[in-house]
Amino acid sequence: MNWTLTLPSTRTLIVAGSHAVKRAAEAEGLDTIFREAGAEWREPGCSMCLAMNDDRLLPGQYAVSTSNRNFEGRQGPGGRTFLASPTTAAAAAVKGAIADAREMS
């Protein structure tokens with residue numbers, strides 16, 4: 001299956017929960033798959049979970065996130081975060097909107 005994650009209005013960040021998880025994913029070649037699909041392969045850390053650096057939502061933007069950091073303004077003032085399972089977040093990245101992975105083939 002060949003999916004493109006990056007739609008014109010969708011930015012996909014892949015951030016492993018730890019360096020060990022990142023190394024294991026890279027050993028399986030997952031980083032290459034995500035990059036070739038248009039996702040950003042990031043270093044483990046907070047980044048988007050606390051609107052660090054340029055990794056933040058702008059007012060009115062939405063994010064689908066597997067992080068439990070969803071209180072108001074956490075990922076950027078005026079942005080809105082929807083918590084999701086990894087499967088639902090992946091489906092949203094492919095579709096460019098919140099999606100039900102069970103309906104994708």
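Quickly run through region 65-78 and pick out the residues that are out of contact with any Lys or Arg (no Cβ under 7 Å at 6 or more places or on another chain) and under 17 Å from THR10 (Cβ atoms).
SER65, THR66
Can you find a residue in region 18-30 that is of a type outside the set (Asp, Glu), surrounded by 16 or more Cβ atoms within 10 Å (Cβ to Cβ), outside any loop (DSSP other than H, G, I, E, B) and at pLDDT 85 or above?
For region 18-30, residues of a type outside the set (Asp, Glu), surrounded by 16 or more Cβ atoms within 10 Å (Cβ to Cβ), outside any loop (DSSP other than H, G, I, E, B) and at pLDDT 85 or above: present.
Answer yes if at least one residue in region 71-78 is among the small types (Gly, Ala, Ser) and at pLDDT below 85, and no otherwise.
Within region 71-78, one or more residues are among the small types (Gly, Ala, Ser) and at pLDDT below 85.
May I ask you to say which residue of PHE34, PHE82 is at pLDDT 85 or above and assigned to a strand (DSSP E or B)?
PHE82
Would a scan of region 45-58 turn up a residue that is surrounded by fewer than 16 Cβ atoms within 10 Å (Cβ to Cβ), modelled with pLDDT under 85 and of a type in the set (D, E, K, R)?
Yes; the residues of region 45-58 include at least one that is surrounded by fewer than 16 Cβ atoms within 10 Å (Cβ to Cβ), modelled with pLDDT under 85 and of a type in the set (D, E, K, R).
The values are calculated or read from the model by the stated rules, or taken from the named source; none is laboratory data. On a predicted model such as this, the values are computed, not experimentally measured, just so you know. Note that each Cβ is placed from the backbone with ideal geometry, even for glycine, and that neighbours are counted across all protein chains shown.
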